Every structure is written in C-alpha cells, then in structure tokens.
Amino acid sequence: MKRLFHVILLISLIVSSRSAFSQIDFPLLSVSPAVNVADSANLKIIDALKEFLKTKNNSASANAYWLPSDFVTYQYPYLDIYNIEKSKFGDNFYKPTLIEIIATENPQQKIVKIAFIGHEQKTQENQLRAIYNLLANIHSEKIIFSKYLELATLRWTKFNRGPISYRVSPGRVPDQLQINDQLRDINLLCQFFSVKAIDVTYYSCTNPRELFEIKGFDYNPMMYIDSSGGFAESGHIIFSGNNSEINTHEMVHIYTHNYFPNITQLLDEGLATYIAGSGKYDYQWHRNKMKKFLAENPGFDCIDHLDPFERLYFEQETPIAYMIGALICESTMRAGQKELLLEQFKSDQDIWTILKLFGLNKENLNEKIRKEIQCDTNPAW
C-alpha cells in the first residue's frame, strides 16, 4: 500500500509538472527524474524500452525485445498493455512515462515501472490509465523484457493436483475441499464436452487487487471494482481473485476457448454462468435475481443488451448480458438440443444467425427469455 501511494503521489507530481520530465530524445517515452540516467545499464533499458513501445502494437504474438520463452508459456505475454494507449480521444492518447527502474535480488534483472497517462486538451485534465511493471533482463549488451508474474509469485505455494498446477497466494492456506470440488467439476466438464482434461495453471489470489498486482499492475481501475473476479487467459491460465481454489466459471472458459475458439461472447459467458454462476454466487442465485429484475422492469429490452462487455449489473452483482446468454443455453438444453448448442459454439456467424437456429429472433427473444425464467431450473448436468 505504501508503495502504491508513493507511486500515485509521484505520478501526480509528474503530471502536474511536465517540465520536470527528462525527454532525452525519446519521442514515445517520458522519463521521470527518479530514474538514474547516469547508470549505463539504465540507459540501455531506456533505449530498449523505447524500441519495445514503438513495436509492441504491431503484433501481440512476437516482439524482438521480449523473452521468446514467454510466448510459449503465455502466448501473448504483454497482452495487458497491447494497445493500452488507445482511448476515445485517439489511438495514442495514453502516453508512457518511465517512473522507476528498480533493482532486484538478481543483478541481471530489474523491475521497470511504467505509467500510461493521457492529457485531454479541451479540459486540460490528466487521466491515469495504468501503472504497469515488467522485467528487464540484462544479457551482456542486450536488454530483453519479460513478464513480471514469475517474480511476483516467486514465493507462492506451488503444487499439482490432477491437471491443475496451483500457484497459491501466501495470504491463504490451500483448501483441499475446494481443490477436490474443482477436480470434480473438471471431470463433469470433460463429460459435458466429451473431451480430455486440459492442463491448467491456476493462480489463487485473495482478491482482485492481488490478482492485478501479480499480473504487473500497481494501478488498474479494475482492481477496485469488486471483491471477487477472475480471468481465463491464453496458455490455459486462470487468474482467480475469489480467495478460493475453485473457479469453475473461468475453467469453463479454458475449455470453450480451447475446443471452440470461435464461440460468440454471449454464449461463452452464458454457458459459464449457466454451469457455474458468476463471481461469488451460483447460477440459481443469479437466476432468482434476474427473475426479480425482469419483474421490476417489464419494459426492459433484452435485444439492446447482448454485449457481455456492457457491464450492466442488477443490484451490483448479477450481470444482465451473462444471464441472457445463460437463459438461452438453459432453454436450448431444456429442449434437448445440447448437440445443436455445442455445434453452434463452433460457428463464426453473427449472433442473430446463430440464435435463429434455436428458434430465436428479434421478434420473440424477450418473450422467450421471460418464459424461460418462469420455469424451474434445468441443471447443465
């Protein structure tokens, strides 16, 4: 917390006093006076960082300034800052500022701390997008960057159970009952999809703030939105901020992304919610909330809210788009059309073309959703 406060205070000073920056001829990068530019290793890092920032948005799958093995392990190791400069004000609104270069226990490795700050000309307001850490690995005359995650979790508890490689925060004791429940759900998922188990790396964090911290963020607005949450990422990795060794919602995404890479977002989030709920609560809990929401909002038009990224919640917990997708999945399963549902997970057609095969269209979707919510719950398995 003290470090985060220090960094935010430093950012405030930097943003309010732009003349304090050492530009030293880096058009894409401002450098804080806190960085020792008299250190030859730091100058090499700055030079390499400048080139990385210039090229990182050209491709999310390869970069000459990033550790090659990271692309094997994570597939898209710097996806968190890919196109982070973009905003509604322009593609390069958020400008990078090198805040600090920090030594580690390894003399050949340093932490590089970058802030992405935008300045809105009309209002003269400054906006902080994120503060992000990556590692600079010093190899003779060359600097290669890598993901902060390995250093951040160096002292975490590590063990394997079945297809899961757990990485558990020092802030919690691994819960064997939850691990057994997660393994049970994986077996059920394999039966549901008729597939083999996938090897998964599971980072068990105490909360979303810790989750974002190990991913490299000192600041990201998503760190403080909720008390739980998680991500399923490329490389078969789950980041769980639920203070738990089970997160079947994100585990569903691991399987859908692997076996159904074209699945539409509405059905992807819908299936994960139908099978495992969302956040702290199971599907039945959210279903009851959705039923209440529709009763209290008879004029609500589902057609306008099919985007899972809309982040429309009822009572700050129930994601409406997720629930619409879940009810579509449940209705299809209730009709005995599981195979049709799985087949459409493979489709790259637009959502209305897919829904038409389920007998859904813009004229009847609202009616069908309201009819489904009145039925007893039909479990996925």
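Here is how the numbers come out for the structure above:
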item	result
Accessible-area ranking of GLU245, GLU105, GLU213, GLU269, largest first, probe 1.4 Å	GLU105, GLU213, GLU269, GLU245
Solvent-accessible area per residue, Å², over the chain with all protein chains present [probe radius 1.4 Å]	48
Using a Förster distance of 45 Å, the FRET efficiency for LYS292-GLU105 (Cβ separation, nearest 0.05)	0.25
THR377, THR332, reordered so the largest accessible area comes first (probe 1.4 Å)	THR377, THR332
Spatially proximal aspartates and glutamates relative to LYS371 (Cα-Cα < 13 Å; intrachain offsets below 8 disregarded)	GLU330
Solvent-accessible area, 1.4 Å probe, carbon plus sulfur percent, for the chain	50
For the range 56-212: relative contact order, % (alpha-carbon pairs under 8 angstrom, 6 or more apart)	14
Degrees, to the nearest 10: 248-259 long Cα axis against longest axis of the chain	90
Compactness relative to 2.2 N^0.38 Å, alpha carbon Rg of the range 93-137	1.47
Residues in the range 186-230 reached by a label modelled at ARG155 [backbone nitrogen below 20 Å; 7 Å Cα→Cβ]	203-207, 209-218
GLN349 versus LYS86: modelled label distance in nm, points set 7 Å from Cα along the beta carbon direction	2.8
Convex hull per residue volume in Å³, alpha carbons only, for the chain	161
Residues with amide H under 5 Å from that of GLN109, placed H, sequence gap 5 or more	THR104, ILE138
Relative contact order for the chain, counting Cα pairs under 8 Å that sit 6 or more residues apart, in percent	10
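The values are calculated or read from the model by the stated rules, or taken from the named source; none is laboratory data. Source: prediction; values computed, not measured. Reconstructed Cβ throughout: ideal geometry from the backbone, glycine too, with neighbour counts over all protein chains shown. Side chains included, ligands, DNA and RNA excluded: accessible areas come from the protein's heavy atoms. Shrake-Rupley method; radii C 1.70, N 1.55, O 1.52, S 1.80 Å.
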